[in-house]
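Just so you know, all these numbers are worked out from the coordinates, no wet-lab data involved. Treat the numbers as computed from the prediction; the structure is a model and nothing was measured. Note that each Cβ is placed from the backbone with ideal geometry, even for glycine, and that neighbours are counted across all protein chains shown.
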Amino acid sequence: MDLSFTPEEQKFREEIRAWVRENLPQEISHKVHNALELTRDDLQGWAKILGKKGWLGYGWPKEFGGPGWTAIQRHLFEEETALAGAPRIVPFGPVMVAPVIMAFGNAEQQKRFLPGIASGEVWWSQGYSEPGSGSDLASVKTKAERKGDKYIVNGQKTWTTLGQHGEWMFNLVRTSNEGKPQTGISFLLLDMKSPGVTVRPIKLLDGSHEVNEVFFDNVEVPAENLIGEENKGWTYAKHLLSHERTNIADVNRAKRELERLKRIAKSEGVYDDQRFRDEIAKLEVDIVALEMMVLRVLSAATSGKNSLDVAGLLKIRGSEIQQRYSELMMLAGGAYSLPLIREAMEAGWQGDFPGGNPALAPLASTFFNMRKTTIYGGSNEVQRNIVAQTVLG
């Protein structure tokens, strides 16, 4: 196994780095490097820049309009954009639903939906979790009843990330109650502007609006928006989740945030504390180990070998690392990272603490927000069971 990059791959990295340097708006990279809130315009603006270049769907094959990059090239693209301070690509369209449409959608659906995803013009949301159906996703109760050439959808989804911006949503809906719960689920694409769709914000502790509840009251969805076969949605959902869990690992963002942690520790005078520096060192070792795991997967994919199904492992380790670096930043900032006043964070205000560093203002918000990472995308407890069954045997 050779984990070093070839000269051609290094040249590709330099090309990506140069393009990002020229095209990534400075005000957006400033926000990313300092954990300031990104607006819809920031996120979609960057998506459209990538879309114009043909790189928003950077993991897509050429037959669907993607660049057709190798697994190594995709990794290098992710690394260079993350280190440059580019926002994470909002994954619901290009990373999650697009592969499902490619693999299981018909030609008409591919022609209809993929161009808007590739260009960044259409914002997609994910309709998976429900009250009582999170890690136990097979228990979803949102019902879709077939009536002629349409489905009538009733129910509720929750924790819908950035759903307030959503224009389309891919949904797991129950179309049958016979047999095992997994056998009665279908995968449906729904226009969020349809009558009967209500999006309600869930306000977070810091006052931000990131997640939502979405209600469906007799929403009519054309039957042509069904992906694949009715009652086969669980198969398509698992295909999508493998992409989501690998995406959640986000080792490249962890590398960028490690450098931010070091900057904060030095500015706050704790980097010289041997015990604190030991904690940073342990985190760095974990990040390198996660990167090696990613590279092992890429090496296997490049050589044509079957790699272990490690999406769950990547999700577990990646989410724990995200929680750890956000915790260490809080510890480095001490009392100055406590304020959770949204207006204060936006203005860089640190209250009446003398000498407060404005860079510390978002730390508490990030710390609390990162508590979700070991829960969403399949809780880590459940992922460990899956890894035990599928990898360890």
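Structure values in brief
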{"item": "Acute angle (nearest 10 degrees) that the helix 251-267 long axis makes with the longest principal axis of the chain, alpha-carbon atoms", "result": "30"}
{"item": "Charge context of G85, other residues only, Cβ under 15 angstrom, K/R +1, D/E -1", "result": "-1"}
{"item": "Gaussian network model of the chain, Cα within-10 Å springs - most flexible of D41, D217, D191", "result": "D41"}
{"item": "Signed unit charges on C-beta, dipole axis of the chain, positive-most listed residue L114, L314, P222", "result": "P222"}
{"item": "Inter-label distance, nm, simple model (7 Å from Cα along the C-beta direction), A107/N34", "result": "5.3"}
{"item": "Principal-axis tilt of helix 7-23 within the chain, Cα atoms, nearest 10 degrees", "result": "90"}
{"item": "Angle in degrees between helix 40-53 and the longest Cα principal axis of the chain, rounded to the nearest 10", "result": "80"}
{"item": "Charge dipole magnitude, Cβ of K and R +1, D and E -1 - the stretch 1-92, Cα centre, debye nearest 20", "result": "260"}
{"item": "Net charge, V122 excluded, C-beta distance under 12 Å - Lys, Arg +1, Asp, Glu -1", "result": "0"}
{"item": "Percentage relative contact order, the stretch 1-125, counting C-alpha pairs under 8 Å, at least six apart", "result": "30"}
{"item": "Charge tally in the Cβ shell below 14 Å around I287, where Lys, Arg are +1 and Asp, Glu are -1, I287 excluded", "result": "-1"}
{"item": "Within the chain, longest stretch free of exposed GluC sites (Glu not before Pro) [DSSP loop, at most 12 other beta carbons within 10 Å]", "result": "1-177"}
{"item": "Relative contact order for the chain, counting Cα pairs under 8 Å that sit 6 or more residues apart, in percent", "result": "14"}
{"item": "Links that overshoot a 25 Å alpha carbon limit, given the list K193/K315; K157/K372; K238/K282", "result": "K193/K315; K238/K282"}
